[in-house]
Amino acid sequence: MKKEIAIGIITAILANTLGVVLYILTFSEKGIDATIKQSLAEGFFGKIVTLGAVLNLLAFFLFIKKKQDYRARGVLLATVVIAVVVMIRKFI
């Protein structure tokens, strides 16, 4: 059970990272490094991470469809943690 949840968490982190990279490559005229540095300096990195989390939806529903509930639980847990971290970083 713990292994399945860990697989879900790792999947969510990878999906979120891939989502951030795809978002930057699609909508930014600069490179990945330059966009991340600029977003950290100007304070909109949390928005990019939040948009990158959209791919977590795909992973979550894929695991639900395959009846892999513990992996879906891991994806949900990682998504909530990412959301809380982004909220804390925004207000501090």
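Points to keep in mind about this one:
- Within the chain, the selection of entire DSSP H helices by a Cα span of 30 Å or greater along the long axis and an average Kyte-Doolittle value of at least 0.0 returns 2-27, 69-91.
- Loop-located trypsin sites (Lys or Arg not before Pro) in the chain (DSSP state not H, G, I, E or B) with no more than 14 neighbouring Cβ atoms inside 10 Å: LYS30, LYS66, LYS67.
- Residue-span extension gain [ILE64 to LEU25] - 0.36 nm each, minus C-alpha spacing: 11.1 nm
- Mean silhouette area of the chain, derived from the convex hull of its C-alpha atoms and averaged over all directions, reads 6.1 nm².
- Taking each DSSP H run with n ≥ 4 as -39500 (n - 2.57) and averaging over every residue of the chain yields -29000 deg cm²/dmol at 222 nm.
A short reminder: the numbers here are calculations on the coordinates, not readings from a lab. This structure is a prediction, so every number in the text was calculated from the model and none was measured. FYI the Cβ positions are ideal-geometry reconstructions off the backbone, even for glycines, and counts take in every protein chain you see.
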